[in-house]
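Comments concern the structure below.
Just so it is clear, none of the values below were taken in a lab; they were calculated from the coordinates. Please read all numbers here as calculations on a predicted model, not as lab measurements.
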Amino acid sequence: MNKLLIALGLAATVALVGCNKEKAPETGATTGEHLENAADQAGHDISNAADEAAAKTQAATDEAAAKIDAAGEEAAAKTEAAAKDAKQAAKDATAATASAVEDSAAHVKEKAQQ
């Protein structure tokens, strides 16, 4: 459909240029050959534009995936650090509780010996 529209546009352009009073340089090609060549060139241009768009889309996708991976790795590292901090806090709390229990037991024992 797009090629048909492009070909029709090119045909209209050739028709308008053909009505021009200035003499154009002769290439030796017929109008049909000019139209065919123009349609071929338009097809190549469209193909190149599609390829370029696909490449840019792929690059954007790759960049987004890399950023997502980096964010995931950062989140995992922060989660691991938080888990280590929580583990250390639990150890410290356990040690403080054990120390308090020992102190209390020592006071009770001291009171009992008096």
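Details
- Where N is the number of residues in the stretch 49-114, Cα Rg divided by 2.2 N^0.38 Å: 2.62
- Fully extending the segment from ALA75 to GLU63 would add 2.5 nm, taking 0.36 nm per residue of separation and subtracting the current Cα-Cα distance.
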